[in-house]
Amino acid sequence: MHLVFLNPQGNFDPRDSHLTEHPDFGGQLVYVKELAQAMAAKGHRVDILTRRIVDADWPEFAGAEDRYPGFEDRLRILRLDCGGPAFLAKEQLWAHLPEWVENILRFYDGDGGALPDFATAHYADGGYAAALLQERAGLAFTFTGHSLGAQKLDKLGTTPGNLDDMERRFRFSRRIAAERVAMGRAARIITSTRQERMEQYAHPLYEGAIDVHDDGRFAVIPPGVNTRIFTTEPGEQDERVAAMLAARLGTASGPCIVVSSRLDEKKNILGVVKAYAASTPLQERADLVLCFRGMDDPFSAIATLPEAERAVLAPILETIEGAKLADKVRFVDLDSQEALASAYRLLARRGSVFALTAFYEPFGLAPIEAAACGLACVATRNGGPSEIFGDGSGVLVDPFDEADIARGLIEALERQDALSRQGRARVLSTYTWSRTAEGYLEVTEQARSEGPVRGQPVPKLDASDIIAAYVRAA
C-alpha cells in the first residue's frame, strides 16, 4: 500500500534535529517516525507529510523532501508550505490548514496523479487536515489523538473567569472542534490503551462526536520501543556516555534513580525530587540522576529558559538546595536517543531504577524504553502505565502522594534484578514498533474494505459555545 502520515507540526529530518526539545516536537514525533519506518520495513510505501519551515532558527526543515538512512526507497519526509515560511507554534496553525491540504492535493496531482491509499492522522491538526482531505478527495483515515484538548483544558483549571485568556493562549475552541470533526469522520480512532479510550474520549466535550462504547470505531494499538536503540546490547555511544557519567557521578558507584523528561509540569518531576528529599532511606540507597537535554548545569541555565520551563525547574532546584542534596542529585545532558539508551544500560548495571511520576500519562513510552535497556521501572498509576505494568513487571505509584512515590522507589531498588528481567520481557513480547505497525495495517485493511466515513460537511472550527457551557457547568 501507499500510506500517508498527516502531521502538520513537526521537525522530521534524518538527524532528528531538536527532537523532544520543544513542546511541539515531543513524543508524538518519535511515534510517527518509528511507526512509519516499521511500516516501510514491511514493504509499504510511506510518506510523512509535515509543514515546510524556511527560518534561520530552523535550517533543517527548509527542504521540500528528506529521507531517513536505510529507508530511502520506501519512506519520504515531504514538507509542504502553509502560513508563510517562518516557524509557527501549533496553536497558530489552524487558519493555515486548508492551505496545507490544498498543497497536499496539488503535490500528489503532480506526483503521478494518484493520492495514497490511506491516511493516518496525528494530533488534532492532523485529524482536521485528514477530514478536509476526506471531504475533498474521499481519502479514508485513522485518527490518533495522542493527547486531547479537553483534558488539557481541565488540567489547566479553566474557569469562566480565565476562559478568554486560555482561549488566546491555547486556541481550545479550534482544537476541540478539530478533534470532534476528526473523531466523527475517522474510520477508526487509535488509542494506546483501553483506559485512554474509555476516559479521554468519554469527556463531555466530545459528546455527540463519538460513542466510546462503539467497538467498531476504536482500535487499541500500543506504541512500541525502538529495539535497535533501546536494548541491553552494547551501543556505539556507550564509551562516550560512560565517560560523561563518570564525570557527573564522581566516585558514587551505587544505584541511581533516573528521571528523563522535558520540563513540563504535568510530568511531575518535582514529585520525585520531593519524595527523594524527604526520604533518608532513599538517599542512603541511591543517588538521583535528572536528565534534561541541553542542560549540564540547570542552576546556571535556568535564566536562559522560556518562562514555562523556568516555572517547572525553579521549585526543583529550590528543593535540592533546601534539602542540601547537591552531592546526591546529579544532572546529565544526553543529546540523543542513542546517548539516552547508553546511559540507561550503564546505570542498569548498577542496579538503578527509572521513575515516571506524571500526574497522568496517556501511555508511557519513556518507561518501556528504560525497561528495554534493563532498568526497573516505577511509574504513575494514572493512565497507560497501569496497563503496561499491571502484570507486576513494574511498580505503580500515586503521583500525588510523595510518600507513596518513595515507597515505590524503595521497592523497585529492593527488587531491581527481578523487575529488570520482567520489564524487559514485557516490552519484547508486547511493545515493539513492528507489532504496532501490524496493528495499524490490520485496521487499515479493514477500513479500506469499508470505505470512508463521510459524516456531515466539515464545519467551521469553533467549539466556543460548547466549551463555555461546559466550563460554566463544571
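What about Arg426, is it modelled with pLDDT of 95 or more, in contact with a strand residue (DSSP E or B) (Cβ under 8 Å, 6 or more places away or on another chain), of a type in the set (D, E, K, R) and within 26 Å of Lys267 (Cα to Cα)? Judged against the criteria, Arg426 is not a match. Filtered by the rule that a residue be within 24 Å of the chain's Cα centre (by Cα) and free of Cβ contacts under 8 Å to residues at least 24 places away in the same chain, the stretch 391-424 gives Leu396, Asp398. Within the stretch 360-390, the set of residues being in a loop (DSSP other than H, G, I, E, B) and under 21 Å from Ala150 (Cβ atoms) comprises Tyr360, Pro362, Phe363, Gly364, Asn382, Gly384. Among the criteria (1) within 27 Å of Phe363 (Cβ to Cβ); (2) at pLDDT below 95; (3) in a helix (DSSP H, G or I), the one Ser449 does not fulfil is (1). Answer yes or no: is there a residue in the stretch 30-49 that is under 23 Å from Pro306 (Cα atoms), in a loop (DSSP other than H, G, I, E, B) and either assigned by TED's automatic domain parsing to the domain that holds Tyr123 or of a type outside the set (Phe, Trp, Tyr) (or both). So far as the stretch 30-49 goes, no, none of its residues is under 23 Å from Pro306 (Cα atoms), in a loop (DSSP other than H, G, I, E, B) and either assigned by TED's automatic domain parsing to the domain that holds Tyr123 or of a type outside the set (Phe, Trp, Tyr) (or both).
Each row is one residue, and each column tells you yes or no for (1) surrounded by fewer than 16 Cβ atoms within 10 Å (Cβ to Cβ); (2) over 25 Å from the mean Cα position of the chain (by Cα); (3) in contact (Cβ under 8 Å) with a residue 24 or more places away in the chain.
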{"position": "Ile257", "(1), (2), (3)": "no, no, yes"}
{"position": "Asn268", "(1), (2), (3)": "no, no, yes"}
{"position": "Val272", "(1), (2), (3)": "no, no, yes"}
{"position": "Pro281", "(1), (2), (3)": "yes, yes, yes"}
{"position": "Met295", "(1), (2), (3)": "no, no, yes"}
{"position": "Leu313", "(1), (2), (3)": "no, no, yes"}
{"position": "Val329", "(1), (2), (3)": "no, yes, yes"}
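Looking only at residues that are closer than 23 Å to Ala437 by Cα and either in contact with an Asp or Glu (Cβ under 7 Å, 6 or more places away or on another chain) or not assigned by TED's automatic domain parsing to the domain that holds Ile189 (or both) in the stretch 135-177, which one is surrounded by the fewest Cβ atoms within 10 Å (Cβ to Cβ)? Selected residue: Leu148. Here Arg381 meets each of (1) free of Cβ contacts under 8 Å to residues at least 60 places away in the same chain; (2) more than 21 Å from Arg262 (Cβ to Cβ); (3) buried (at least 24 other Cβ atoms within 10 Å of the Cβ) with one exception, condition (3).
If you go through the stretch 344-354 one residue at a time, do you hit one that is polar (S, T, N, Q), in contact (Cβ under 8 Å) with a residue 12 or more places away in the chain, touching a Pro at 6+ places or on another chain (Cβ under 6 Å) and assigned by TED's automatic domain parsing to the domain that holds Met244? Scanning the stretch 344-354 turns up at least one residue that is polar (S, T, N, Q), in contact (Cβ under 8 Å) with a residue 12 or more places away in the chain, touching a Pro at 6+ places or on another chain (Cβ under 6 Å) and assigned by TED's automatic domain parsing to the domain that holds Met244.
Matching residues to (1) in a loop (DSSP other than H, G, I, E, B); (2) among the hydrophobic types (A, V, I, L, M, F, W, C); (3) in contact with a Pro (Cβ under 8 Å, 6 or more places away or on another chain):
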position	(1), (2), (3)
Met183	no, yes, no
Met198	no, yes, no
Ala202	yes, yes, no
Asp211	yes, no, no
Thr227	yes, no, no
Thr231	yes, no, no
Gly235	yes, no, no
Met244	no, yes, no
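The values are calculated or read from the model by the stated rules, or taken from the named source; none is laboratory data. On a predicted model such as this, the values are computed, not experimentally measured, just so you know. For neighbour counting, all protein chains shown are included, and Cβ atoms are generated from backbone atoms with ideal geometry for every residue, glycine included.
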